Amino acid sequence: MTLLSTSARAVPPPRRGSRFRLRKEAWVGWGFAGPFVGVFGLVFLAPIGYALYLSLFQDRLVGGTVFVGLDNYGEALSDPRFWDGLLRVGLFLLVQVPVMLGIALLAALAIDSGRLYGKTFFRVAIFLPYAVPAVVAGLIWGFMYGTQFGLVGNVNDAFGTSLPDPLSPSLVLASIGNIVTWEFVGYNMLIFYSALKVVPRSLYEAAAIDGAGEWRVVRSVKLPAIRSALVIATIFSIIGSFQLFNEPSILQKLAPNAITSDFTPNLYTYSLSFSGQQHNYAATVAIVMGVITAIIAYAVQLRGMRKG
């Protein structure tokens, strides 16, 4: 008892100056974080909050704007046009993302191997399409896809062939996938190549001493070492696929019969808001799509981390 009381008395109370110093340091920290928090709230949290607010109302001919609660969400979840666009984007994701990431990974491995002649040129050449804006890329490829005035039409006229129309209803999704792959292979290649550059070279030397060949090194050393980069690139690609808008929006004018106003959920939301003047329902569809995207991306992240 005496020892406890003595030790308790031995601890000096915090001085007023130290308390003031801690409070001052806290304000300094908020001074650094404040600009980011303000911008984050303005450009991210505020739009989400406003979209949530809009989704709870409906504009009616009689009565004006009326609070309807979750009625808009029930309508969105039973909307066949929304689900058709979502399934179309899901098919696009399942095919295009593995192809794009596979090409990007092969390019990164080839450049990192040190056996590729002119690797600086190839690195820049593969990355260069990412610098082209999506609208410009859509216009370029839309011109090449044209059967009447574009590259496909010129090839048919020159060689007397009958190449299929890339903008036909059966091929337009694959044509859009080709554009997106062309645009983003370089971006993902740079992610993989940057991850490969930080892998310790001692691992390669140890594998070589053990008699591992090039493919064994790739499979057993390089791929496990860049697993986190693979997961990040996959998540970014999934989010980008669900946000598909620019390419179909540009090609819609060239193929109106193949690309409808509900071709993708984002295109459907845009059409509802700016063509149909259904701002409340458009906000609802956008929120539902955002929740679905977040759930799938989080599931992929958990699976990737568990494998690691």
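Overview of values
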item: Condition check for VAL89: over 29 Å from SER194 (Cα atoms) and crowded, with 19+ Cβ neighbours inside 10 Å; result: yes
item: Verdict on ALA258 being open to solvent by less than 40 Å² (accessible area, probe 1.4 Å) and in the same structural domain as LEU109 (by TED's automatic domain parsing); result: yes
item: Subset of segment 107-131 [surrounded by 15 or more Cβ atoms within 10 Å (Cβ to Cβ) and part of a loop (DSSP other than H, G, I, E, B)]; result: LEU116
item: Exclusive hit being under 13 Å from LEU101 (Cβ atoms) and surrounded by fewer than 17 Cβ atoms within 10 Å (Cβ to Cβ), set LEU223, LEU203; result: LEU223
item: Considering residues of segment 265-307 that are among the small types (Gly, Ala, Ser) and under 19 Å from PHE67 (Cα atoms) only, the residue most open to solvent (accessible area, probe 1.4 Å); result: ALA286
item: Residue list for segment 136-184, filter: open to solvent by 50 Å² or more (accessible area, probe 1.4 Å), assigned to a helix (DSSP H, G or I) and modelled with pLDDT under 90; result: LEU151, ASN154, ASP157, ALA158, PHE159
item: Segment 57-75: number of residues that are open to solvent by 50 Å² or more (accessible area, probe 1.4 Å) and either over 19 Å from THR284 (Cα atoms) or not in a helix (DSSP H, G or I) (or both); result: 8
item: Members of segment 87-125 found to be β-branched (Val, Ile, Thr) and out of contact with any Lys or Arg (no Cβ under 6 Å at 6 or more places or on another chain), listed by number; result: VAL89, VAL95, VAL97, VAL99, ILE103, THR120, VAL124
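The values are calculated or read from the model by the stated rules, or taken from the named source; none is laboratory data. Everything numeric here is computed off the predicted structure, so don't read it as measured data. Here Cβ is always computed from backbone atoms with ideal geometry, including for glycine, and neighbour counts include all displayed protein chains. Note: areas computed on protein heavy atoms with side chains; ligands, DNA, RNA excluded. Shrake-Rupley method; radii C 1.70, N 1.55, O 1.52, S 1.80 Å.
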